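Some notes on the structure that comes next.
The values are calculated or read from the model by the stated rules, or taken from the named source; none is laboratory data. Treat the numbers as computed from the prediction; the structure is a model and nothing was measured. Note: ideal-geometry Cβ built from the backbone for every residue, glycine included; neighbour counts use all protein chains shown. Surface accessibility is based on the protein's heavy atoms, side chains included, excluding ligands, DNA and RNA. Shrake-Rupley method; radii C 1.70, N 1.55, O 1.52, S 1.80 Å.
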Amino acid sequence: MRTPPASHAAESDVRLRARRGLIIYFAVLVPLSALLEALIISGSLSWISALMWTPTAASIVARLALREGFGDVSFRLGGRRGWKAIGVALVFPIIIGLVQFRPKLIGLATPYVGLTVSPVATFMINLIIAATIVTIYSVRTAAGEEIGWRGYMLTRLINAGMPKPILVSGLIWGFWHVPLILGGVYLVGPPPVLAALLWMVTATAFSFVFARLRLATGSVWPAITLHSAWNAVIQAAFDPASTSSGAELWIGESGILVALTMIVVAAFFSYGRYSYCK
């Protein structure tokens with residue numbers, strides 16, 4: 001009987017362990033997320049932060065069960081490449097947000113500057129506050145998602161030999177939000193079914209941006225930064241400015257123009273080859 005080459009045996013072992021890890025990961029993630037989302041939809045909004053940490057909780061259980069450790073998350077910054085990626089992550093939501101630009105002063109700044117400032121000044125004040133204070137504050141919940149999504153699930157999908165792992169990760173990430181959209185808790189405005197469909201397009205395309213920043217740098221920090229900045233800049237600075245009737249359908253977080261823009265951006269970030277830094 002022929003003995004398989006050592007490299008093939010090692011690759012097979014990595015694939016098997018990744019598949020086992022994913023089974024454990026989803027066995028924890030799905031019921032825990034379902035429970036918390038049901039509580040949130042029923043009106044207990046205080047569970048939102050806990051929900052955002054379920055991907056990380058599931059990844060911790062999988063790592064402990066398989067005795068894998070946490071080194072591959074990875075929490076190193078990734079040198080110059082990592083810092084450049086963090087810079088891109090901070091600027092990215094601003095560029096996308098310009099699609100829905102209709103400035104209205106953010107509530108945090110109103111007591112200090114009043115309501116009579118010019119649109120340009122309003123934009124700059126909103127941008128500075130959202131890109132600094134609110135972004136830093138958002139790390140506490142964004143990290144809960146990204147340590148699990150891009151710090152574990154994405155890399156395990158790749159190691160498991162899943163076809164189109166980035167696409168699959170985006171579909172999973174997007175679908176995880178769908179119950180909240182249909183339940184009227186998240187992306188309120190457009191008809192829930194339409195909002196869910198548009199969000200799936202946006203999230204799936206967005207996942208290619210997250211994946212590029214995570215895989216090309218070998219660090220989870222650019223993904224955490226991007227998620228934090230997106231929540232801060234889009235939700236805190238730009239979404240409140242979209243107040244006219246039907247605006248959310250076109251320029252909201254799951255708006256048609258945002259979804260189309262994200263598809264173009266995803267194609268840009270997917271262009272060319274880049275190495276998977278572990």
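In region 168-178, the qualifying residues are those that are of a type outside the set (S, T, Y) and in contact with a Phe, Trp or Tyr (Cβ under 9 Å, 6 or more places away or on another chain), and the one that is farthest from S46 (Cα to Cα) is G170.
One residue stands out in region 159-179 among those that are open to solvent by 40 Å² or more (accessible area, probe 1.4 Å) and hydrophobic (A, V, I, L, M, F, W, C): the one that is farthest from E11 (Cα to Cα), namely F175. If you check V30 against the conditions, is it more than 16 Å from P179 (Cα to Cα), assigned to a helix (DSSP H, G or I) and open to solvent by 40 Å² or more (accessible area, probe 1.4 Å)? In short, no. With respect to E253, is the statement that it is acidic (D, E), surrounded by fewer than 24 Cβ atoms within 10 Å (Cβ to Cβ) and at pLDDT below 90 true? Judged against the criteria, E253 is not a match. Considering only region 214-229, state which residues are in contact with a Pro (Cβ under 9 Å, 6 or more places away or on another chain) and open to solvent by 10 Å² or more (accessible area, probe 1.4 Å). The answer is A216, and nothing else.
With respect to (1) of a type outside the set (D, E, K, R); (2) surrounded by 14 or more Cβ atoms within 10 Å (Cβ to Cβ); (3) under 24 Å from I172 (Cα atoms), the lone exception for G82 is condition (3).
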